[in-house]
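Trainee: Starting off with a structure, shown below.
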Amino acid sequence: QVQLVESGGGLGQPGGSLRLSCAASGSIFSITAMGWYRQVPGKQRELVAGIFSGGSINYVDSVKGRFTISRDNAKNTVYLQMNSLKPEDTAVYYCNAVITILPQLPPSNYWGQGTQVTVSS
């Protein structure tokens, strides 16, 4: 069984910073990719940032230059440093990981429970 446990989030001020963490644990053979999605009520969940095992990174345009994703492979943990926060960053943020639990099995998608980020003065 694989678990993704998120931490961080909460209330941030416009122009301020918050940091999210997500640790993967359990029966893990390899992790292909880790990333962060966000969702607001009535809208589709969108990819905010993703980081792949080869090192490539991508961001949604609205967070480029403000958010930074990083990964600690030894700890199976991904981070999202969010700077210059805007009210429109308010959402539930979900950690996502593409994980292979056994070498003979294909990778599967796993999700964290979600953490609320609210940007308001």
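The values are calculated or read from the model by the stated rules, or taken from the named source; none is laboratory data. Note that this is a predicted model, so its numbers are computed, not measured. Here the Cβ is made from the backbone with ideal geometry for all residues, glycine too, and neighbour counts use every protein chain on show. The area values use the complete protein model at the heavy-atom level, side chains included, leaving out ligands, DNA and RNA. Shrake-Rupley method; radii C 1.70, N 1.55, O 1.52, S 1.80 Å.
Trainee: Within segment 47-87, how many residues turn out to be farther than 26 Å from residue 26 by Cβ, among the β-branched types (Val, Ile, Thr) and in contact (Cβ under 8 Å) with a residue 24 or more places away in the chain?
Mentor: Qualifying residue count for the region: 1.
Trainee: Being under 25 Å from residue 120 (Cβ atoms) and either within 10 Å of the chain's Cα centre (by Cα) or not in a strand (DSSP E or B) (or both) is the filter here; which residues of segment 1-15 pass it?
Mentor: Step one: filter segment 1-15 for residues under 25 Å from residue 120 (Cβ atoms), giving 6-15.
Scanning segment 1-15 gives 6, 9, 13, 14, 15.
Trainee: Restricting segment 88-97 to residues that are touching a residue at least 40 places away in the same chain (Cβ under 8 Å) and surrounded by fewer than 18 Cβ atoms within 10 Å (Cβ to Cβ), which is farthest from residue 20 (Cα to Cα)?
Mentor: Checking each candidate, the answer is 90.
Trainee: Out of everything in segment 16-36 that is open to solvent by 60 Å² or more (accessible area, probe 1.4 Å) and outside any strand (DSSP E or B), what residue ends up being nearest to residue 115 (Cα to Cα)?
Mentor: Here the residue is 17.
Trainee: Identify, by number, the condition in (1) outside any strand (DSSP E or B); (2) loosely packed, with under 15 Cβ neighbours inside 10 Å; (3) at pLDDT 95 or above that residue 85 doesn't meet.
Mentor: The number of the failed condition is (2).
Trainee: Mind checking which residues of segment 50-80 are surrounded by 15 or more Cβ atoms within 10 Å (Cβ to Cβ) and in a strand (DSSP E or B)?
Mentor: So in segment 50-80, the residues surrounded by 15 or more Cβ atoms within 10 Å (Cβ to Cβ) come out as 50-52, 59-60, 63, 66-69, 71, 76-80.
Hits for segment 50-80 are 50, 51, 52, 59, 67, 68, 69, 71, 77, 78, 79, 80.
Trainee: A further question on this structure: What residue, of 102, 47, is open to solvent by 50 Å² or more (accessible area, probe 1.4 Å) and in a loop (DSSP other than H, G, I, E, B)?
Mentor: Values: 47 fails: in a loop (DSSP other than H, G, I, E, B).
The conditions single out 102.
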